[in-house]
Amino acid sequence: MKALIGCDPCGSVIFIAELLTGSISDKAICENSGLKKIIQLNIENGYIQRGDCFMTDTGFTIANELKEIGIGLHIPPVATGLKMSMSDTYLTSKIAKHRVHIERHIAKVKTY
């Protein structure tokens, strides 16, 4: 089973999609969950600003869908072969720092 959980920069859970079969793609989970509509509502209500960015793992090929509503997407670069460029290494490190912060908060949520 897979679920999509969204968190704000402080680690608070702001979105939980229903569980779906494990074979579904990350993009399909986003489409089936109504995430885009929820993001649009949050923009209208001022909780999210156009120009804000979402952070995901690789596999979330939703950059175009988010761009349509004025939201960016940060995905860690993937190494090609055995080496990664210096700029990709820096970007991966920068993204990972924030992702670890969120994952620590999610781990706390899961321990109940």
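The values are calculated or read from the model by the stated rules, or taken from the named source; none is laboratory data. Owing to the predicted nature of the structure, the values given are computational and were not obtained by experimental measurement. Ideal geometry is used to build each Cβ from the backbone, glycine not excepted, and the neighbour counts take in all protein chains shown.
Yes/no matrix, rows are residues, columns are (1) out of contact with any helix residue (DSSP H, G or I) (no Cβ under 9 Å at 6 or more places or on another chain); (2) farther than 30 Å from S87 by Cα:
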{"residue": "I29", "(1), (2)": "no, yes"}
{"residue": "S33", "(1), (2)": "yes, yes"}
{"residue": "I43", "(1), (2)": "yes, yes"}
{"residue": "G59", "(1), (2)": "no, no"}
{"residue": "A63", "(1), (2)": "yes, no"}
{"residue": "G70", "(1), (2)": "no, no"}
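Filter the stretch 25-47 down to residues that are in a loop (DSSP other than H, G, I, E, B) and either loosely packed, with under 11 Cβ neighbours inside 10 Å or in contact (Cβ under 8 Å) with a residue 40 or more places away in the chain (or both), then give me how many there are.
Going through the stretch 25-47 one residue at a time, the tally reaches 2.
Failed condition for R50, given (1) under 15 Å from the mean Cα position of the chain (by Cα); (2) modelled with pLDDT of 75 or more; (3) assigned to a loop (DSSP other than H, G, I, E, B), with all others met?
So the condition that R50 fails would be (1).
Can you find even one residue in the stretch 36-54 that is in contact with a Lys or Arg (Cβ under 9 Å, 6 or more places away or on another chain) and either of a type outside the set (D, E) or over 26 Å from M1 (Cβ atoms) (or both)?
Yes, because at least one residue in the stretch 36-54 is in contact with a Lys or Arg (Cβ under 9 Å, 6 or more places away or on another chain) and either of a type outside the set (D, E) or over 26 Å from M1 (Cβ atoms) (or both).
What is the residue count in the stretch 58-107 for residues that are under 23 Å from E31 (Cα atoms), hydroxyl-bearing (S, T, Y) and modelled with pLDDT under 85?
Count: 1.
Would you confirm whether any residue within the stretch 16-24 is exposed (fewer than 12 other Cβ atoms within 10 Å of the Cβ), small (G, A, S) and modelled with pLDDT of 90 or more?
Checked the stretch 16-24: no residue is exposed (fewer than 12 other Cβ atoms within 10 Å of the Cβ), small (G, A, S) and modelled with pLDDT of 90 or more.
Only residues in the stretch 8-21 that are in contact (Cβ under 8 Å) with a residue 60 or more places away in the chain and of a type in the set (A, V, I, L, M, F, W, C) count as the first member; pair them with residues that are in a strand (DSSP E or B) and surrounded by 13 or more Cβ atoms within 10 Å (Cβ to Cβ), Cβ under 9 angstrom, at least 6 apart or cross-chain, and list the lot.
V13/I5; V13/G6; V13/C7
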